[in-house]
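Q: Structure in structure tokens, see below.
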């Protein structure tokens, strides 16, 4: 419950009553001490009752705000947010497509019942991605007229009577024999221990480079293609409000500039195999080149050195963005009425994947329960407790009833009948037992979600059972997974599991957040009303930063500035510079602060309606 700053303590209320008595009767302060003790008891009892009434009024006000925030704030802003990362998967077949149903598990230590246990953290692709049986075998570059292989960290040759281009990188790729041409080649690109600004500058150098493969000119572009089928049914509003699709898109956008896709202007890319890249056949080599590979040539701008770009470079094929979510599949028997099914999970509920009956009929999601009641073959989601104005949980109501029995015990006993006294004792003991049982489960309680489904078994006798699949997530617990070796999960409902080799994580998982508390929901609702999810003024920027990352921030400084554009041809550009000071009480490393600034900048850019781009930078802790 939100704490209202205007609430007064019992002592403050009692002092206020005595002050009013003093003013009304025109008494001196010393005279108040000579009042009869019975009068003092009456004043104290009056203050106690006024305190209860005051608390109820403030609680009612808080419940109105909470209900309003719960109704008006979108679920995407109040639910738990999954952590995300980039995974690498090596398929065994020539070509496979991994779907979101493909589940990959990692282990993370946690404390449970005073013991350290390994909890399973499940990762899932943020879309459908096409992978190929291919691997990078060599990455060549020149330094001081010598040829080096960055993959194997070796000197592999030198030039005596000629010069090796200092601004070229040659990547040798081994493809499956069945793969002769491709529409595109996708690389995940990252630099170890690089700051965000260094990452952006290096990626822009690769993005603006001239690229070719077997004398075929290629164009590098940011991003990775999603092969998931897109629905165009405008009549289904629930599809547009599908939270899982929104989270998938946001995850892909988060790693948009971590992927480089190479395509031809038209047609497919022919994969010619050669022992050496074109132009390096006149070098003195050390016998490392025996296998035929497909060579991608990247020519940087002339003022750049390939050795500077290759330092710390991690480049890999068959990578895709993934997020922490686990699929659950439950089966229920239907009745010829409005069916209500609980969606039970130990984690945070995320979204519905699909609802299908035994005959293959797909149920449609509606947003309004009244529409579900009048339309068969539909369902809607509800969560939390019974929707009443007094939205306190049953645990709170039991506590209030027990407090009432304790406070008013003398009044009940004054009725003077033994049987009433015995009944009151029985009630108090029963309520105490209920309170103990509820209190044991209090720490593990989660907000419950229910699926309400309307069927017509008379006209559709095949609708005997329904299969419900849904996603759950671990929120903030899914952060900081750094395991390089992960294991796939073979679920019975995840069909067409591809034959794959090792799976590894390219980056630690990050970005996971728990669901908002009631106070945080109210703040998010206030921010949505004031800014309407747009960023225009300085106040909007400050409110957006505090709404999402207020627990990390100590100070926000906003000013106009001029910065060098990432693309050299564009020169200087005006911008809004936001300097963030993080709380020194939090154990945040320099990399953590840099990542948080990156997330804040990305969030602000999506909502920015101003003229200038936004740049967010961390300030050193004082």
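The values are calculated or read from the model by the stated rules, or taken from the named source; none is laboratory data. Fair warning: this is a prediction, and the values are worked out from it, not measured in the lab. Ideal geometry is used to build each Cβ from the backbone, glycine not excepted, and the neighbour counts take in all protein chains shown.
Q: If I go through segment 290-349 residue by residue, how many of them are closer than 22 Å to residue 261 by Cα, under 32 Å from the mean Cα position of the chain (by Cα) and assigned to a strand (DSSP E or B)?
A: Counting residues in segment 290-349 that are closer than 22 Å to residue 261 by Cα, under 32 Å from the mean Cα position of the chain (by Cα) and assigned to a strand (DSSP E or B) gives 9.
Q: Let me ask something else. Could you tell me whether residue 304 is within 30 Å of residue 200 (Cβ to Cβ) and either touching a residue at least 60 places away in the same chain (Cβ under 8 Å) or touching a helix residue (DSSP H, G or I) at 6+ places or on another chain (Cβ under 7 Å) (or both)?
A: yes
Q: On the given criteria, is residue 509 at pLDDT 75 or above and in contact with a helix residue (DSSP H, G or I) (Cβ under 6 Å, 6 or more places away or on another chain)?
A: Considered against the rule, which asks whether it is at pLDDT 75 or above and in contact with a helix residue (DSSP H, G or I) (Cβ under 6 Å, 6 or more places away or on another chain), residue 509 comes out as yes.
Rundown of residues vs (1) assigned by TED's automatic domain parsing to the domain that holds residue 249; (2) over 26 Å from residue 85 (Cβ atoms); (3) not in a helix (DSSP H, G or I), yes/no style:
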| residue | (1), (2), (3) |
| --- | --- |
| 165 | yes, yes, yes |
| 173 | yes, no, yes |
| 201 | yes, no, no |
| 205 | yes, no, no |
| 212 | yes, yes, yes |
| 217 | yes, yes, yes |
| 221 | yes, no, yes |
| 224 | yes, no, yes |
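Q: Let me ask you something else. Does residue 248 qualify as being at pLDDT below 90 and surrounded by 16 or more Cβ atoms within 10 Å (Cβ to Cβ)?
A: Against the criterion (at pLDDT below 90 and surrounded by 16 or more Cβ atoms within 10 Å (Cβ to Cβ)), residue 248 does not qualify.
Q: Is it the case that some residue within segment 25-39 is at pLDDT 80 or above and under 56 Å from the mean Cα position of the chain (by Cα)?
A: no
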